[in-house]
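Input: a single structure, listed below in structure tokens.
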Amino acid sequence: MSESLLFHDGNYALQDAFGSRAIASRLESMTRTAFSAADKEFIESATYFFLASSDGRGQPDCSFKGGPPGFVRITGPSELAFPDYDGNGMFKSLGNIAVNPSVGMLFINLHDQPRRLRVNGVATIQRDDPLLLTTVGAQMVVRLAARAIFPNCPRYIPKMQIVEPSPYIPRWGEAPVEPEWKGFDEFKDVVHPRQPTPR
């Protein structure tokens, strides 16, 4: 049996216990390593996604990443890129990528037509990426080489509504809006300086 893109013995044991190996195999056969035109349209219209990573010991972390439509770009047949914006300075996700580059991304549409797309792959952090010059507010760029691209059933996705975009999303020609927490007594003496970014 060839190595699976998605499954290991733990998955197979539960699939066998619940009689779902056939459907799981069928779904795996639909997994791809190159983005389709529909994938590109969905990903580049996203205003957020969830990023799963783990450290060198396998300790997991999941974070929310948000930005304007197009902040995630398809940059090659099997590659995407997204910016790292100013944050809380913990670098949980990017620090994990530095020691364990395997990550999972979940793109989900909670609005209009429910949809989910998962992208698993190998990520790299670029501090001198050419995209930095054309990405407002980016202090680094993360590129991901996709190993597995596959949809998920959207049946449990609730329908929600976007009221307004975050005021903290970087915008060309505008000074960044600082979050209130940076002025809190417990943080203000240790807040790191913003990095120079395209404005």
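Among the residues of segment 96-135, which ones are within 20 Å of ILE149 (Cα to Cα) and among the aliphatic types (A, V, I, L, M)?
Passing the criteria: ILE97, VAL103, MET105, LEU106, ILE108, LEU110, LEU117, VAL119, VAL122, ALA123.
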Checklist entry - in contact with an Asp or Glu (Cβ under 9 Å, 6 or more places away or on another chain) and aromatic (Phe, Trp, Tyr) - does that describe any residue in segment 83-103? => result yes
Filter result for VAL136 (part of a strand (DSSP E or B), of a type outside the set (S, T, N, Q) and modelled with pLDDT of 95 or more) = no
Expected single match for surrounded by fewer than 10 Cβ atoms within 10 Å (Cβ to Cβ) and at pLDDT 90 or above among GLU174, GLU164 is GLU164
Look at GLU79 and say whether it is among the charged types (D, E, K, R), farther than 20 Å from ASP129 by Cα and out of contact with any Ser or Thr (no Cβ under 6 Å at 6 or more places or on another chain). no
Checklist entry - Is it fair to say ILE97 is farther than 21 Å from PRO77 by Cα, aliphatic (A, V, I, L, M) and at pLDDT 90 or above? => result yes
Listed by first then second residue, the pairs whose first member lies in segment 170-198 and is closer than 22 Å to GLY66 by Cα, whose partner is among the basic types (Lys, Arg) and not in a loop (DSSP other than H, G, I, E, B), with beta carbons under 9 Å and at least 6 positions apart or on separate chains, are VAL191/LYS182
Okay, helices (runs of 4 or more DSSP H) sitting entirely in segment 1-94 with 3 or more residues that are crowded, with 17+ Cβ neighbours inside 10 Å, I get 37-45
The condition from (1) in contact with a Leu (Cβ under 7 Å, 6 or more places away or on another chain); (2) under 20 Å from PRO170 (Cβ atoms); (3) part of a strand (DSSP E or B); (4) without any contact (Cβ under 8 Å) to a residue 60 or more places away in the chain that VAL103 misses is numbered (2)
With criteria (1) at pLDDT 95 or above; (2) within 30 Å of MET30 (Cα to Cα), PRO130 comes up short on (2)
Screening SER25, SER29, SER102 for residues that are touching a Gly at 6+ places or on another chain (Cβ under 8 Å), small (Gly, Ala, Ser) and farther than 28 Å from GLN161 by Cα leaves only SER102
- Query: Quick check: anything in segment 108-129 of a type outside the set (Ser, Thr, Tyr), closer than 23 Å to GLN59 by Cα and without any contact (Cβ under 8 Å) to a residue 24 or more places away in the chain?
  - Reply: no
Being closer than 19 Å to VAL141 by Cβ, in contact (Cβ under 8 Å) with a residue 12 or more places away in the chain and more than 15 Å from the chain's Cα centre (by Cα) narrows GLY89, GLY56, GLY95 down to just GLY89
- Message: Could you go through segment 107-115 and let me know if any residue there is over 19 Å from LEU5 (Cβ atoms) and under 13 Å from the mean Cα position of the chain (by Cα).
- Response: yes
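Check ASP16, ASP55, ASP39 and return the single one that is among the acidic types (Asp, Glu) and under 20 Å from PRO151 (Cβ atoms).
ASP39
The values are calculated or read from the model by the stated rules, or taken from the named source; none is laboratory data. No experiment lies behind these values; they were computed from the predicted model shown. Every residue, glycine among them, receives a Cβ derived from its backbone with ideal geometry; neighbour counts consider all protein chains shown.
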